[in-house]
1. Output the number of residues of region 31-70 satisfying the condition of being assigned to a loop (DSSP other than H, G, I, E, B), of a type outside the set (A, V, I, L, M, F, W, C) and farther than 17 Å from ASP83 by Cβ.
2. Here is a check on your reading of the model: is VAL82 touching a Phe, Trp or Tyr at 6+ places or on another chain (Cβ under 8 Å), over 19 Å from ILE123 (Cα atoms) and β-branched (Val, Ile, Thr)?
3. Do any residues in region 62-90 that are touching a residue at least 40 places away in the same chain (Cβ under 8 Å) and of a type in the set (Gly, Ala, Ser) have Cβ atoms under 7 Å from those of residues that are assigned to a helix (DSSP H, G or I) and buried (at least 21 other Cβ atoms within 10 Å of the Cβ), where the two are at least six apart or on different chains, and which pairs are they?
4. Report, by residue number, each residue of region 58-79 that is surrounded by fewer than 22 Cβ atoms within 10 Å (Cβ to Cβ) and more than 13 Å from LEU127 (Cα to Cα).
5. For region 71-93, name all the residues that are modelled with pLDDT of 95 or more, over 16 Å from ALA129 (Cβ atoms) and either in a loop (DSSP other than H, G, I, E, B) or in contact with a Pro (Cβ under 6 Å, 6 or more places away or on another chain) (or both).
6. Using beta carbons and a limit of 8 Å, which pairs, at least six apart or on different chains, have the first residue in region 31-45 and loosely packed, with under 14 Cβ neighbours inside 10 Å and the second one not in a helix (DSSP H, G or I)?
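The values are calculated or read from the model by the stated rules, or taken from the named source; none is laboratory data. Values in this document were obtained by computation on a predicted structure and should not be read as measured data. All Cβ positions, even for glycine, are placed from backbone atoms using ideal geometry, and neighbour counts span all protein chains on display.
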Amino acid sequence: MITRRSLFALASAACLLALAPAAGAADRTAFDRAAFDAAVAAGGPVLIDVYAPWCTTCKAQSKALDKLFRKPEYAGYEVFVVDYDSEKDVMRSFGASQRSTLIVYGGGAERGRVVGDTSANAIEALLAAGL
């Protein structure tokens, strides 16, 4: 018999697997303001990924990102995932109103963003702007 507790545990595990990076990809972590602020202050490349597990566009972007993060030039990226369904306040703080929003920071400032674009070329150009 499946209890609410076991159903919740299964759902939580599925969400964590969805955030898990592919081999060679940058680590994708749940958004944490202090960690994000520290990463931006350090000046390295940072990606904000506004993601919903049910969003097909988000999934397509993730596939493109996983492939791109296997390239050595993008290995230094820190990736923070903002949950579209539960972190509306975080989204507002970034001026992001839609899921499938990717925002890149480099040198301590925002360098670009795309919304809903699944083109590997557009996403790569965005990542390059953060280097």
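1. Going through region 31-70 one residue at a time, the tally reaches 4.
2. no
3. As it stands, the answer is ALA64/ILE123, since those pairs meet every condition given.
4. Across region 58-79, the qualifying residues are LYS59, ALA60, LYS63.
5. Result: TYR84, ASP85, SER86, GLU87.
6. Qualifying pairs under 8 Å: ASP32/PHE80; ALA41/GLY108; GLY43/GLY106; GLY43/GLY107; GLY43/GLY108.
So that you can scan it fast, the table gives a plain yes or no per residue for (1) modelled with pLDDT of 95 or more; (2) under 16 Å from CYS55 (Cα atoms); (3) within 14 Å of the chain's Cα centre (by Cα):
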site	(1), (2), (3)
GLY95	yes, no, no
ARG99	yes, yes, yes
ILE103	yes, no, yes
GLY106	yes, no, no
VAL114	yes, yes, yes
ALA120	yes, no, no
ILE123	yes, no, yes
ALA128	yes, no, no
